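Beneath this line is the structure, given in structure tokens, with notes to follow.
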């Protein structure tokens, strides 16, 4: 089944306690595509790039079944650029540079060739842009997943509330879930968010794993305990890509299958953080992914007799 | 099988965002006993109390199969008293008062009637005192579990290193594991600690769950997502009590069974935080515990086809 992913394709420059990079490939849609391409084809990318985006990177994506009809190229401008430095705990970072460049003009158009896709992944963008994408879909996708961030809660809350009414799954981190609802308890925050529109909520807690909620149930997946988190950039988007990739592959949008999606997403994210940027995601095989998912089973599996 | 627990029996006064208590019952050995008594009898308590310790509390423990031959009563002194205030996130707290009182004289003697016990739970105490208890055991217990804290790493590190050589399972929180080893990565910290003596390491991460390590394997159990953590006091000791209680009940010290112990400990801790002090632990039934363990199964259980 086809999956539309909307988000950024960008350059990042990253500093971590382990080293620093020059300008390397980044962007939310990039990570989603690399992760999801292991599970589903075609991936229909919607993004915007400048004249400086490398042709080899576009070829690399095409080879993986990523369609680029929806990727606009602006000849006069540079690609979106972000630079940041992680603190020692890797849970917090300082943004050093944000050059919007082409992103200032991003007004995505869904190509006719993408219409009819069953799955839509809306990366973190201006909520009005996310809503505009949904409205362009002639047939509502079977599942719409969206990411967002605290910045939109502060600057575009009413637009954000509107788009939330139109999506099935919201992906946020723990701080964002708290900010969106004013509830410190994640269980209470989840109850509030599920009243805002989404039927499912995924709360990402970084190294502390992820929670999946619907009205009746909750599921938890840990992050894999790693010797080193080398670079967390893109881990959240990679998680999203693994999640929606698994859902799109199977076509099954039940809670039970979303649990599997969370595990697949967690497995993909655990690869992402092993090297700078999407480097590790380009290397891994299906066999690597299977071994990693087995590690997750071993990590949490237990048998116990009750009574 | 019999379980010896060594630790404090105390009074606590607690403030949380949800309310505050007068002097209520607390102490590490208290929480361990209340949790473990659901699974194993006898529990052989080793502690020290003052003239002010309530007789009803001692009767309550006895009713649950807790032996008090090893609980010394000092007629001229008051019981250990601690008072603290939790911050809104419930992960940090300020100590308001620490009155050692009888604890300053605590030099535990293992009664003859406790000799031969198979399981020993050493609560957080001066490392030299912990070692002295181990040395009093005429027959080495089948499993020795110890708790400790950052304070001893700063003030009695060489004694702590010595006692670590004599125990099977070390219980610490994530900050303590990092401090003990100088390793930020918990996986690396675990490897270092397992070279110091313990064959098993449990790292408690509070609301973020707990990890169990041995040389070859790692297991993770989440904390139950709760609407409110009302009072975290004693949750770590209750976790320890559930863990060692399950191990002592089954007599099985394999890694597989320790995984079950971790789940039982997590379930008991999830009760502990629902009310002030050990209140909730006094109320719950075996049926409540079974239901709670089932919630843990539902929380993490998933089925996935590989390949």
Hits in the stretch A:25-53 (condition: out of contact with any strand residue (DSSP E or B) (no Cβ under 6 Å at 6 or more places or on another chain) and under 21 Å from residue A:84 (Cβ atoms)): A:25, A:28, A:30, A:31, A:34, A:35, A:52, A:53
Do we have any residue at all in the stretch B:252-261 that's part of a loop (DSSP other than H, G, I, E, B), surrounded by fewer than 16 Cβ atoms within 10 Å (Cβ to Cβ), at pLDDT 95 or above and away from chain A (no Cβ under 14 Å)? no
Would you tally the residues in the stretch B:189-209 being more than 10 Å from every other protein chain (Cβ to nearest Cβ), assigned to a loop (DSSP other than H, G, I, E, B) and in contact with a helix residue (DSSP H, G or I) (Cβ under 8 Å, 6 or more places away or on another chain)? 3
Identity of the residue in the stretch A:226-245, in contact (Cβ under 8 Å) with a residue 60 or more places away in the chain and within 9 Å of chain B (Cβ to nearest Cβ), that ends up surrounded by the most Cβ atoms within 10 Å (Cβ to Cβ): A:229
Mind checking whether some residue in the stretch B:279-300 is assigned to a loop (DSSP other than H, G, I, E, B), touching a strand residue (DSSP E or B) at 6+ places or on another chain (Cβ under 9 Å) and more than 28 Å from residue B:201 (Cβ to Cβ)? no
Qualifying residues in the stretch B:298-307 (those that are under 16 Å from residue A:303 (Cβ atoms) and without any contact (Cβ under 8 Å) to a residue 12 or more places away in the chain) - the one surrounded by the most Cβ atoms within 10 Å (Cβ to Cβ): B:302
Within the stretch B:101-119, track down each residue that is closer than 13 Å to residue B:48 by Cβ, surrounded by 14 or more Cβ atoms within 10 Å (Cβ to Cβ) and under 21 Å from the mean Cα position of the chain (by Cα). B:102, B:103, B:106, B:108
Being facing another protein chain (nearest Cβ under 8 Å) and in contact with a helix residue (DSSP H, G or I) (Cβ under 7 Å, 6 or more places away or on another chain) is the filter here; which residues of the stretch B:278-307 pass it? B:293, B:300, B:302, B:304, B:306, B:307
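Every residue, every condition in (1) away from chain A (no Cβ under 14 Å); (2) surrounded by fewer than 20 Cβ atoms within 10 Å (Cβ to Cβ); (3) under 20 Å from the mean Cα position of the chain (by Cα); (4) not in a strand (DSSP E or B), yes or no:
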position	(1), (2), (3), (4)
B:158	yes, yes, no, yes
B:162	yes, yes, no, yes
B:167	yes, no, yes, yes
B:187	no, yes, no, yes
B:211	no, no, yes, no
B:219	no, no, yes, no
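The values are calculated or read from the model by the stated rules, or taken from the named source; none is laboratory data. Computed from a prediction, not measured in an experiment: that's the story for all the values here. Reconstructed Cβ throughout: ideal geometry from the backbone, glycine too, with neighbour counts over all protein chains shown.
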